[in-house]
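Structure first, commentary second.
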Amino acid sequence: MAKDSLLSRYCSLVLPQDSASRSLRQATTKERIQVRIDLRTIASTTVAAALVLGLGACTASSSATSETSQAESSDAQQGQWPRTITDEKGSVTIEEQPKRIVNTAMSTTGSLLAIDAPVAATTITTPGPEADSNGFFTQWSEAATAANVQPLYKIGNFDLESIIAQDPDLIVVSTSGADSVMDHYDQLKEIAPTIVVNYSDKDWPELTRQLAEATGHETEAEKIIAEFDERAAQVKEKLAIPAGTTASIVSYNKGSASPVGKTTGPHSRLITSLGFDVVEPPEEYNTNPQKRDDFVFTSYEGLAKSATGDATFLIAATDETAKTFLEDPTLANLPSVKSKNVFPLANSFRLDYYSSSQILDYFENDFPSLSK
């Protein structure tokens with residue numbers, strides 16, 4: 001991309017504009033990701049010098065603001081090392097700001113990329129509707145490719161040698177989920193400082209802040225969280241959901257156990273922020289022995305007594321999934337089925353900045369409103 005084109009994109013989407021111009025808040029999630037990719041490209045080339053000089057063309061005050069922001073970011077990233085981070089295992093000391101992060105917890109890769117943390121490699125999943133040909137989740141696959149992130153190993157096929165080969169200076173591990181490798185924690189901490197996170201009991205801003213502290217990217221984290229919160233408030237105002245409207249969050253698997261979102265989970269927190277009251281699913285139908293704060297893995301028989309909200313949001317779903325849910329005879333008496341208030345949310349099983357922004361895109365642009 002040409003230098004002038006990059007500068008134009010940066011000025012038009014990032015810096016303040018007149019009322020007739022589009023702002024970053026109005027950009028689509030795809031455009032936001034592209035801007036981040038473009039700026040990363042700028043930072044790694046001689047165009048950086050031209051951008052600094054060219055910012056004066058945007059406005060003098062914007063230039064000063066940008067320089068101040070850059071200075072604050074530099075201070076946050078370069079100060080106070082070593083630092084000791086509190087994690088799910090207690091604490092871990094990180095001697096220097098990480099430059100090569102290996103992430104065994106694929107569900108957190110989007111959060112790391114969103115704050116420009118230097119991810120060298122991440123575990124992957126099977127390519128398909130939710131993952132690209134590399135096995136990267138589609139919501140952050142473009143960012144991962146732009147950052148030259150390498151596929152590590154497929155979730156469930158732990159490979160210690162592949163981790164060693166990446167020469168990491170920080171390793172990320174999760175306590176739960178299919179990507180958890182806690183059984184290998186003692187081996188991993190001998191390779192590099194290893195931080196243990198629990199993404200099941202945190203929404204994405206909490207998790208992002210924890211990862212930002214461990215990587216020295218606090219400024220970037222606060223920036224994207226503030227941007228997201230402002231946009232979410234605008235979407236909530238636009239939706240104007242009637243007070244007391246309840247919702248259930250379901251990962252629907254006809255004929256087998258289906259995860260139903262708990263009120264303490266990240267999906268519930270996002271849906272609640274848009275004006276819904278999420279219904280807590282009963283634990284008595286839980287089929288998962290693993291203690292989790294995000295979902296109850298509800299038996300198929302118990303789903304009709306668990307997903308009782310006025311609206312049901314189906315995560316990682318399509319229109320066909322919603323159609324199957326609506327036509328399932330065992331669910332015929334659910335309030336959301338009777339009113340046909342069943343809505344699919346794509347790319348949404350694991351929430352991070354990218355997937356959460358895509359959910360806002362949906363509610364802002366495609367949500368058909370509630371039927372009475």
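The values are calculated or read from the model by the stated rules, or taken from the named source; none is laboratory data. Since we're looking at a predicted model, the values are computed, not measured. Ideal geometry is used to build each Cβ from the backbone, glycine not excepted, and the neighbour counts take in all protein chains shown. Accessible surface areas use protein heavy atoms only, side chains included; no ligands, DNA or RNA. Shrake-Rupley method; radii C 1.70, N 1.55, O 1.52, S 1.80 Å.
Here are the numbers:
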read-out: Some residue of segment 351-361 being in contact with a Pro (Cβ under 7 Å, 6 or more places away or on another chain), closer than 30 Å to I115 by Cα and in a loop (DSSP other than H, G, I, E, B); value: yes
read-out: The lone exception for Y252 - which of (1) more than 20 Å from N347 (Cβ to Cβ); (2) crowded, with 21+ Cβ neighbours inside 10 Å it fails; value: (1)
read-out: Positions within segment 314-347 being touching a helix residue (DSSP H, G or I) at 6+ places or on another chain (Cβ under 7 Å) and at positive phi, in sequence order; value: K340, N347
read-out: Enumerated helices (runs of 4 or more DSSP H) restricted to segment 265-349, each holding at least 2 residues that are over 19 Å from I241 (Cα atoms) and open to solvent by less than 50 Å² (accessible area, probe 1.4 Å); value: 319-327
read-out: Selected residue (criterion: nearest to the chain's Cα centre (by Cα)) from residues of segment 248-257 that are of a type outside the set (A, V, I, L, M) and in a loop (DSSP other than H, G, I, E, B); value: S251
read-out: Filtered residues of segment 149-201 (kept if crowded, with 19+ Cβ neighbours inside 10 Å, at pLDDT below 95 and more than 25 Å from T93 (Cβ to Cβ)); value: S200
read-out: Residue that is modelled with pLDDT of 95 or more, touching a helix residue (DSSP H, G or I) at 6+ places or on another chain (Cβ under 6 Å), open to solvent by less than 70 Å² (accessible area, probe 1.4 Å) and of a type outside the set (A, V, I, L, M, F, W, C), where the choices are T109, T123, T93; value: T123
read-out: Selected residue (only one of L211, L270, L239, L274 is closer than 25 Å to D167 by Cα and either at pLDDT 95 or above or touching a helix residue (DSSP H, G or I) at 6+ places or on another chain (Cβ under 9 Å) (or both)); value: L211
read-out: Matching residues in segment 181-217 - criterion: being outside any helix (DSSP H, G or I), free of Cβ contacts under 8 Å to residues at least 40 places away in the same chain and either among the aliphatic types (A, V, I, L, M) or under 26 Å from T263 (Cβ atoms) (or both); value: I191
read-out: Candidates V260, V235 - the one that is open to solvent by less than 10 Å² (accessible area, probe 1.4 Å), free of Cβ contacts under 8 Å to residues at least 60 places away in the same chain, within 22 Å of S357 (Cα to Cα) and under 20 Å from the mean Cα position of the chain (by Cα); value: V260
read-out: Subset tally (residues that are open to solvent by 10 Å² or more (accessible area, probe 1.4 Å) and not in a helix (DSSP H, G or I)) for segment 132-148; value: 6
read-out: Residue within segment 169-187 that is under 22 Å from Q97 (Cβ atoms) and out of contact with any strand residue (DSSP E or B) (no Cβ under 7 Å at 6 or more places or on another chain) present; value: yes
read-out: So F367, is it touching a residue at least 24 places away in the same chain (Cβ under 8 Å), surrounded by fewer than 18 Cβ atoms within 10 Å (Cβ to Cβ) and of a type in the set (A, V, I, L, M, F, W, C); value: yes
